[in-house]
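Nothing in this text is a laboratory measurement; each read-out follows from the coordinates by a stated rule. As the structure is a prediction and not an experimental result, all values here were calculated from the model. Neighbour counts run over all protein chains shown; Cβ positions are idealised from the backbone, glycine included.
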Amino acid sequence: MPQNQYDIPFNKPWISGNEHRYMAQAVNAGHISGDGAFTQRCSRVLEEWLGAKRVLLTTSCTHALEMSALLLDLKPGDEIILPAFTFVSTANAFALRGARPVFADIRPDTLNIAEQRIEELITPKTRAIVPVHYAGVGCEMDAILEIARAHGLEVIEDNAHGLLGRYRGRMLGAFGGMATQSFHETKNFTCGEGGALALNQERWIEPAEILREKGTNRSRFFRGQVDKYTWVGLGSSYLPSDVLAAFLLAQLESHTCIQQRRREIWERYLQELRPWAEALGVGLPVVPPDCEPSYHLFYLLLPDLERRSGLIEHLKQRRILAVFHYQPLNTSEMGLRFGSRPGDCPVAEQTADRLVRLPFYNGLTREDQYRVIEAVCSFQY
């Protein structure tokens, strides 16, 4: 059944107020290609939030990850360590450059990369660690950064879920040399499809600008640093339209009310579902005391695949769409090609069979949320 045929969909796009006005301004200004005024305004907002040296908007988080792989100048045979429980883009971006993704298991509490499993996976071919802040809850970044420093590795944060989440007071996306963001339709802030690459070290800025400008020094030309621009390196086109950036800016400007609303939804799920979950042995999201989540999603961990499937069907019969999430990459067809095996990441493999995501979007009304809660609590076994 298509999502729009459910009374309560899993996700629904949100308009915060100024999206159409800003998009019209971009069109009327006569500049709707990349790096227009709205793109630059979005970049400045994100730089201020993250404390980044430079933020470059991209057409997707996938493209931001691909840019990070290109900046690392990966060679065939290089290895990248990442969690087995993540979206395929986290692996694809590096595999496209010839690198081998090496999958680490995840923690059973936060579902983030198990930092204590990282060091045993490091070899002389390892180039980088890519932590993913699942559900917008921060990975143990202090431990990960210490491991990276000890072995001379880069850290690239996949922060697709985590914008405005914090770890020990610092914004997620501010720890690695680079970090990627997502503005996909399902994210807290969206322009339909979009992303960003945050550069936290000066050394990445000029190479990243060249990559993003089709291998030219066009950015330096526009700053008046050269009198003409030319082809100076390898690159591609990762710039989103300024119309999309206009839509995104309206969302970023509404971040306070968006985050407050999402926090209310998240906390209501947690409070109202806790008695049912405790009675049936269902897991709820875990947020360590030194983390502040981004309130990106809310999930349940059922005891097994059969009961997870049963809950999804139970909700479907009530015209409520809930969905499962990632399948473990180490057991996928491509993961097996890279030398992974079933059983390598037992927590990720078990989690994939048990996890269900509940409807969660900015416009979810209190009434509809209570309808979801009542439907979940009526599921017994």
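Looking only at region 19-253, where both bridge partners belong to it, what percent of the DSSP beta bridges are antiparallel (to the nearest 5)?
50 percent
Based on the alpha-carbon gyration tensor of region 216-328 and its eigenvalue square roots a ≥ b ≥ c, which shape applies: rounded if a/c is under 1.5, prolate if not and a/b is larger than b/c, or oblate?
Prolate.
Once amide H atoms are built 1.01 Å from N in the peptide plane, which residues 5 or more positions from GLY36, or in another chain, come under 5 Å H to H?
ASP242
With +1 assigned to the C-beta of every Lys and Arg and -1 to the C-beta of every Asp and Glu, and no other charges, what is the dipole magnitude of region 19-253 about the Cα centre in debye, to the nearest 20?
Roughly 520 debye, rounded to the nearest 20.
Would you compute, from DSSP H runs of 4+ residues alone, the mean residue ellipticity of the chain at 222 nm, taking -39500 (n - 2.57) per run and dividing by the full residue count, rounded to the nearest 500?
So the calculated ellipticity at 222 nm is -11500 deg cm²/dmol.
Toward the positive end of the charge dipole of the chain, about the Cα centre and with charges on Cβ (Lys, Arg +1; Asp, Glu -1), which of THR58, GLN5, PRO124 goes farthest?
THR58
Specify the inter-centroid distance of region 324-351 and region 59-135, based on alpha-carbon positions, in whole Å.
Using only Cα atoms, the two centres lie 14 Å from each other.
In whole Hz, with x marking every Gly and Pro, tabulate ³J(HN,Hα) for region 335-345 from phi via Karplus 6.51 cos²θ - 1.76 cosθ + 1.60, θ = phi - 60°.
x, 5, 5, 8, x, 6, 9, x, x, 5, 10
Could you derive backbone 3J(HN,Hα) for region 284-291 from the dihedral phi with the Karplus parameters 6.51, -1.76 and 1.60 (θ = phi - 60°), listing whole Hz in sequence and x where the residue is Gly or Pro?
Going residue by residue, I get 10, x, 10, 10, x, x, 8, 10 Hz, with x marking Gly and Pro.
Using each residue's phi in region 123-128, evaluate 6.51 cos²θ - 1.76 cosθ + 1.60 at θ = phi - 60° and report the 3J(HN,Hα) Karplus result to the nearest Hz, with x for Gly and Pro.
Karplus-based 3J(HN,Hα) across region 123-128 equals 10, x, 8, 5, 10, 7 Hz.
Output the relative contact order of the chain, whole-number percent, from Cα pairs under 8 angstrom with separation of 6+ residues.
Here the relative contact order equals 23 percent.
So who's got an amide H within less than 5 Å of the one on THR216, skipping anything under 5 residues away but keeping other chains? H placed 1.01 Å off N, in plane.
HN-HN under 5 Å from THR216: VAL232.
What dipole magnitude, in Debye to the nearest 20, does region 138-287 give about its Cα centre under +1 on Lys/Arg Cβ and -1 on Asp/Glu Cβ?
Value, rounded to 20: 260 debye.
Considering the dipole of region 172-245 built from charges on the beta carbon (Lys and Arg +1, Asp and Glu -1) around the Cα centre, which of HIS184, ALA196, THR216 is farthest to its positive end?
THR216
Long-range amide H contacts for MET178: which residues qualify at under 5 Å (H placed 1.01 Å from N, peptide plane, sequence gap of 5 or more or a different chain)?
HN-HN under 5 Å from MET178: VAL155, GLU157, ASN200.
What are the radius of gyration and Dmax of the chain, computed over its Cα atoms and given in Å?
In Å, with Rg to one decimal and Dmax whole: 21.1, 72.
If r is the Cβ-Cβ distance from LEU270 to SER378 and R0 is 30 Å, what FRET efficiency results, to the nearest 0.05?
My answer for the efficiency is 0.95.
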